[in-house]
Amino acid sequence: MKYVDEFRDGELAKNIAANIAREAMPNRDYRLMEFCGGHTHAISRYGLVDLLPPNVRMIHGPGCPVCVLPIGRVDQAIRLAREQGVILCTYADTVRVPASDNLSLMRAKAKGADVRMIYSTQDALKIARENPGREVVFLAIGFETTTPPTAVAVKQAAAEGLKNFSILCDHVLTPAAMHAILAVEGGVALDGFVGPAHVSTVIGSKPYEPFADDYGKPVVIAGFEPLDVMQAILMLVRQVNEGRAAVENEFTRAVTREGNLKAQELVAEVFELRDTFEWRGLGSVPHSALKLRDKFSAFDAEQKFKVDYVAVPDNKACECAAILRGQKRPQECKIFGTVCTPDNPVGSCMVSSEGACAAHYSYGRFREAV
Amino acid sequence: MTSGVKPNYTRPLDIKNGRVDMSHGSGGRAMAQLISELFAAAFNNEYLAQGNDGALLPQANGRLVMATDSHVVSPLFFAGGDIGCLSVHGTINDVAVMGAQPLYLSASFILEEGFPLADLKRIVESMAKASREAGVPVVTGDTKVVEQGKGDGVFITTTGVGVVREGINLSGDLAKPGDKILLSGTIGDHGMAILSQREGLTFSAPIVSDTAALHGLIAAMLDSGAQLRVLRDPTRGGLATTLNEIAKQSGVGMMLQESAIAVNQPVEAACEFLGLDPLYVANEGKLIAICAPEDTPHLLEVMRAHPLAREAAVIGEVLEDAHGFVQMTTKLGGRRVVDWLAGEQLPRIC
C-alpha cells in the first residue's frame with residue numbers, strides 16, 4: 001500500500017537496527033518510554049523488541065485512553081445508562097473496561113442499558129437527532145487527538161439547539177501525564193521518551209520542551225509506523241550518547257512545533273482545564289483533564305443529570321498503576337495471563353490492544369516461554 | 001349434475017409489491033402458497049417434490065458428515081453475494097472441510113413481518129443458483145415469521161449432509177510438528193466487503209466478498225494423494241483464530257511468515273483505515289490445509305491449478321510447543337504471537 005509500505009520495509013528496519021546496535025554503548029542501559037498506546041501496539045505488533053539489543057529497553061507508558069480511565073468514571077456512565085435511561089454512546093474499547101459490581105458498559109448493555117458503540121461524534125449527534133424523546137450522552141474519552149471532534153459536536157449541538165445531547169467529559173492531557181511520571185520523588189529511571197504521533201499533530205512539539213529543558217529527558221516525536229519507531233529509538237540513543245536532551249521530531253510529515261492552531265482554538269473555546277482529575281495508575285493529577293466551559297454547561301452530562309464522580313479503588317491484585325507508570329512490566333503482575341486476560345480483563349491495561357498488558361499478552365507472551 | 005362448488009382460485013403472490021405478513025408463517029394457505037410459489041419453485045428437486053415433512057433420501061455409501069450454520073449477515077446484499085448464496089456456501093464448506101462430498105442441504109428461514117417479497121425472492125433465487133452450481137440440492141426446509149422488530153429481515157439456517165469415502169481422515173487434532181500450513185488465497189475479503197458497505201467506505205477498487213463453495217477444490221486436493229491432516233475454512237475470527245483452534249486441538253505450536261500471507265490491496269487499505277487486522281477478518285471462500293511436508297509441493301501445484309486457489313501459498317509450519325503458541329515472523333523481521341480474537345471485532349458478518 002503506497003505511503004504505508006514504505007514505513008514497514010523490513011530491509012530498512014534492519015539497517016536502522018544495525019545502527020542502533022552499533023551505537024548503543026554496551027556498558028549502559030537505555031530505558032526509553034513510548035508514551036502512546038499507538039506506539040506500544042506498533043512495537044508489539046511488529047515484534048520490534050527482536051530488532052533491538054537487550055540493553056535498549058522499551059517501557060510502555062500510560063498513553064492508552066481507555067487504560068487511564070478510572071473505575072469511577074466508567075461507573076458514572078453505567079449509572080447514567082441504567083438509572084437515568086439515557087442512550088449512552090462511546091468509542092469501541094471503552095465498553096469493555098471493567099467497572100464496579102462486575103459490570104462494564106457491555107455487561108450493562110446485556111442487562112438492558114442502551115449502550116451504543118460509535119465510530120465518530122457525528123454518530124452520537126445523529127442518534128440524538130433521531131431520538132428527540134430520549135436523552136443521548138456521549139462518553140467522551142481520549143487524549144488531545146479525540147478532543148477536537150468532541151468540541152465540534154458540542155458546538156454543532158449548540159447551534160442546532162439539540163437539547164437532548166450532552167457529554168460526559170473524560171478528555172485528558174498528555175503533557176500533564178508526562179509531568180506526573182517525571183515528578184515522582186527521587187526521579188525515575190527513564191532515559192527518554194518516544195513522543196506521541198497523533199496527539200502531537202494537534203498540540204505540536206512545543207509542549208514537550210519542558211521535559212527536555214527542565215527534566216533533562218530527550219523526547220523524539222515519532223509516527224506510528226514501525227520504521228518511525230525504530231528511527232526515533234536511534235535518535236534517542238544518539239541524544240543519550242551525546243549527553244543532550246532536546247525535543248526532536250521524527251514525524252515531520254505531520255507534526256510542526258506549533259501544531260494545529262485551528263484545532264487548539266476550537267478546544268480552547270469549548271473546554272477549560274479541570275483543577276484536578278483522577279487517572280488510573282497516576283492518581284489525582286492537577287490540571288490534567290478538560291471540562292466544558294460554563295457557556296456550554298447545558299451539554300455537560302455531569303451537571304445535567306447530577307451524577308457525581310465517586311472514586312473507586314482498583315482491584316487489590318491489579319498492578320495497572322505501577323505498569324502505567326512504567327515501574328513494572330505486565331508479566332510482573334501476579335494476575336497477568338491467569339485471572340486477567342483480554343477476554344476477562346481485571347485491569348484496564350488488559351482491555352485495549354494499545355494497553356501494555358493486552359499488547360504483551362496478545363503479541364509477546366511467548367518471550368517468557370523459554 | 002354439475003357441482004355448485006366454485007373451482008379453487010388463489011391470487012398469485014404479489015412478488016413485486018407484497019410483503020411478508022404473519023399469515024406466511026401460520027401453517028395455513030398463505031404459507032403453503034409462499035412455499036410452493038417461491039421456495040419450491042426455486043429449489044425444485046425430486047426430494048422437495050415428495051411434499052412430506054422430511055426428505056426421504058437414498059442410502060449413503062460411507063461415513064456421514066453433518067454440519068449446520070446460521071446466517072444473520074447485515075447487510076443482506078453485499079458486493080460479491082448475499083445472505084442466500086452465503087448460506088449455501090457456508091454449510092457446503094463446513095461439510096467439505098471434513099473431507100466429505102456434500103450431498104444435501106436443508107434450509108430454515110426466519111422472516112420478519114414486513115420483509116419485501118421481492119427481496120425474499122432475490123435471496124431464494126440466489127440460494128437456488130448456488131445450490132445448483134454446487135450440485136447440492138436443498139431437500140427440505142422450514143419457514144417461520146416473527147413480528148416486525150423481532151428479527152432483522154431474514155435469518156437463514158442451513159444444514160448439510162455429506163459422505164466421506166474410505167481412507168480419508170481429516171481432523172483438527174491431527175497436525176504434527178514439521179507439517180506445512182497452506183492457505184488457498186487472500187484473506188479478509190468477505191469481512192471487509194461487508195464492513196466497508198456498512199460504513200459506506202468506497203475505495204478505488206471495490207472490495208468483493210470471496211463467498212464460494214470449496215468442495216470442488218477440496219475434492220481435487222483429496223484426489224491428489226497428499227497426506228492431508230487438517231482442512232478448515234477460516235470464517236469468523238479469521239485466519240488467526242482458526243489456526244489457534246487447530247493448534248489447541250492438536251497440542252502443537254505454529255510459526256507463520258507474515259510475508260507469505262496475501263491480502264488484497266483494497267482490503268489492506270480498509271483494514272488500515274478502520275484499525276483492523278486482516279488476520280482476524282472473516283473469509284467465506286478460503287481454506288487452510290495442513291499437510292505432511294514431503295507432499296506439500298505437489299499439493300500446492302494441485303491447489304494452484306484450481307480457479308479458487310490460484311494464489312495458494314505455504315504460510316508456515318507446525319512446531320512442537322507445549323504452550324500452543326501460534327507465532328509469526330513479521331515483515332519487519334520481529335516475532336509476535338498471533339493470538340485468539342478477543343471480544344468481538346465485527347458483529348453480524350455471516
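Bear in mind these aren't lab numbers, they're just calculated from the coordinates by the rules spelled out. Predicted model, so just to flag it, every value in this text is computed and none were measured. Every residue, glycine as well, gets a Cβ built from its backbone with ideal geometry; the counts of neighbours run over all protein chains shown.
Cα convex hull, region A:75-129: 69 Å³ per residue, rounded to a whole number.
How much of the pair distance distribution for region B:1-145 lies past 20 Å, counting alpha-carbon pairs only, in percent? It would help to have the intermediate numbers written out before the result.
Details: 5466 of 10440 pairs.
That tail contains 52 percent of the Cα-Cα pairs.
Structural descriptor for region A:160-297: relative contact order 28 percent, calculated from alpha carbon pairs under 8 angstrom and at least 6 residues apart. Estimated translational diffusion coefficient (Stokes-Einstein, Kirkwood radius over Cα pairs, 25 °C, 0.890 mPa s) of chain A: 116 µm² per second. Per-residue shielding of A:357-367, expressed as the average number of other chain Cβ atoms within 10 Å of the residue Cβ, stands at 4.
Its convex hull of Cα atoms gives region B:115-265 a direction-averaged projected area, equal to a quarter of the hull surface, of 12.7 nm². As a rough footprinting exposure proxy, the listed residues A:9, B:339, B:210 were ranked by other beta carbons within 10 Å of their own, and the order from fewest upward is A:9, B:339, B:210. Binning the C-alpha pair distances of region B:193-350 at 5 Å intervals from 0 yields a P(r) profile of 2, 8, 17, 21, 20, 17, 10, 4, 1, 0 %, listed from the shortest bin outward. Let me make sure I get this right: for region B:1-53, a, b and c are the square roots of the gyration tensor eigenvalues over alpha carbons, sorted descending. Under 1.5 in a/c it's rounded, otherwise prolate if a/b > b/c, else oblate. Which is it? Taking the square roots of the gyration eigenvalues as a ≥ b ≥ c, region B:1-53 is oblate.
Relative contact order for chain B using alpha-carbon pairs under 8 Å, separation at least 6, rounded to a whole percent? Mind dumping the intermediate values first?
On the way: 776 pairs, mean separation 75.1, N = 350.
RCO, chain B: 21 percent.
In a DSSP loop and with at most 16 other Cβ atoms within 10 Å, the trypsin sites (Lys or Arg not before Pro) in region A:216-278 are A:244, A:253, A:257. Counting only alpha carbon atoms, the long axis of helix B:238-250 and the longest principal axis of chain B meet at about 70°. Modelled spin-label separation between residue B:174 and residue A:214, with each label point placed 7 Å from Cα along the Cα-to-Cβ direction: 6.8 nm.
Expressed to the nearest 5 percent, the antiparallel share of DSSP beta bridges inside region B:1-143 is 40 percent.
Plugging the Kirkwood radius over Cα pairs into Stokes-Einstein for the protein assembly as shown, at a temperature of 37 °C and a viscosity of 0.692 mPa s, what D comes out in µm²/s? It would help to have the intermediate numbers written out before the result.
Values: Rh = 28.2 Å.
Value of D from the Cα-based Kirkwood radius: 116 µm²/s.
The spacing between region B:185-238 and region B:101-157, judged by their C-alpha centroids, is 22 Å. Put a dot 7 Å past the Cα of residue A:119, heading toward its Cβ, do the same for residue B:320, and the two dots end up 4.7 nm apart. With θ taken as phi - 60° and the Karplus curve 6.51 cos²θ - 1.76 cosθ + 1.60 applied, the whole-hertz 3J(HN,Hα) list for region B:18-29 is x, 9, 5, 10, 4, 5, 5, x, 7, x, x, 4 Hz, x standing for glycine and proline. One quarter of the surface of the convex hull around the alpha-carbon atoms of chain B equals 21.1 nm², the direction-averaged projected area. The charge dipole of region A:61-205, taken about its Cα centre with unit charges on the Cβ atoms of Lys, Arg (+1), Asp and Glu (-1) only, comes to about 560 debye.
Over region B:225-315, the fraction of Cα-Cα pairs per 10 Å bin, rounded to whole percents and listed from the shortest bin up, is 15, 47, 32, 6, 0.
By how many degrees, between 0 and 90 and to the nearest 10, does the Cα long axis of helix A:121-130 differ from the longest principal axis of chain A? Rounded to the nearest ten degrees, it is 10.
State to the nearest 20 debye the size of the charge dipole of chain B about its Cα centre, where the only charges are +1 on K and R beta carbons and -1 on D and E beta carbons.
On the way: 27 positive and 39 negative charges, 131 e Å.
Dipole size: approximately 620 debye.
Legend: translational diffusion of region A:1-94 by Stokes-Einstein, Rh = Kirkwood radius over C-alpha pairs, 20 °C, 1.002 mPa s; D = 128 µm²/s. As a size descriptor, the averaged projected area of the C-alpha convex hull of region A:48-178 was calculated at 10.1 nm². Under the convention that each Lys and Arg Cβ holds +1 and each Asp and Glu Cβ holds -1, the size of the dipole of the protein assembly as shown around its Cα centre is about 800 debye. Residues whose amide H falls under 5 Å from that of residue A:59, counting only those 5 or more places apart or on a different chain, are A:32, A:33, A:34, with hydrogens built in the peptide plane.
So if I take the alpha carbon set of region B:82-177, get Rg, then get Rh from the Kirkwood formula, what is the Rg over Rh ratio? Before the final figure, lay out each step's value.
Working: Rg = 16.1 Å, Rh = 14.6 Å.
For region B:82-177, the value is 1.10.
With both labels modelled 7 Å from their Cα along Cα-to-Cβ, the residue A:331 to residue A:256 distance reads 4.5 nm. With one equal scatterer per alpha carbon and no solvent term, the Debye-computed log10 I(q)/I(0) for region B:36-78 at 0.19 1/Å reads -0.91. Spatial offset of region B:1-66 relative to region A:187-215 amounts to 71 Å, using the alpha carbon center of each.
Each principal axis of region A:167-250 carries a Cα extent, and these read 47, 34, 19 Å when sorted largest first.
Just the number, please: percent antiparallel of the DSSP beta bridges in chain B, rounded to the nearest 5. All intermediate terms of the calculation are to be shown ahead of the outcome.
Numbers: 41 of 53 bridges.
Of the beta bridges lying entirely in chain B, close to 75 percent run antiparallel.
In chain A, Cα pairs under 8 Å separated by at least six residues give a relative contact order of 22 percent.
Given A:206/B:331; B:129/B:286; A:2/A:262, which pairs have Cα atoms separated by over 25 Å? Result: A:206/B:331; A:2/A:262 exceed 25 Å.
From largest to smallest, the equivalent ellipsoid semi-axes obtained for region B:133-222 from the alpha-carbon gyration tensor read 32, 25, 14 Å.
Comparing A:131, A:120, A:141 along the charge dipole axis of region A:85-142, the residue lying farthest to the positive side is A:131, per the Cβ-charge model. If you model region A:204-317 as an ellipsoid using its alpha carbon gyration tensor, with each semi-axis the square root of five times an eigenvalue, the axes come out at 34, 20, 13 Å, biggest first. In chain B, the sites counted are GluC sites (Glu not before Pro) in DSSP loop states with at most 16 other Cβ atoms within 10 Å, and the longest stretch holding none of them, exclusive of the sites, is B:200-310. Per-residue ellipticity at 222 nm computed for chain A from its helices equals -9500 deg cm²/dmol, with DSSP H segments shorter than 4 residues left out and the rest contributing -39,500 (n - 2.57).
What residue among B:200, B:135, B:316 shows peak mean-square fluctuation when chain B is described by a Gaussian network model with Cα springs under 10 Å? Result: B:200 has the largest fluctuation of those listed. Exposed loop positions in chain B were taken to be chymotrypsin sites (Phe, Trp or Tyr not before Pro) whose DSSP state is not H, G, I, E or B and which have at most 14 other beta-carbon atoms within 10 angstrom. Between these positions, the longest stretch is B:10-202. Separation of region A:305-321 and region A:65-139, taken as the distance between their Cα centroids, equals 17 angstrom.
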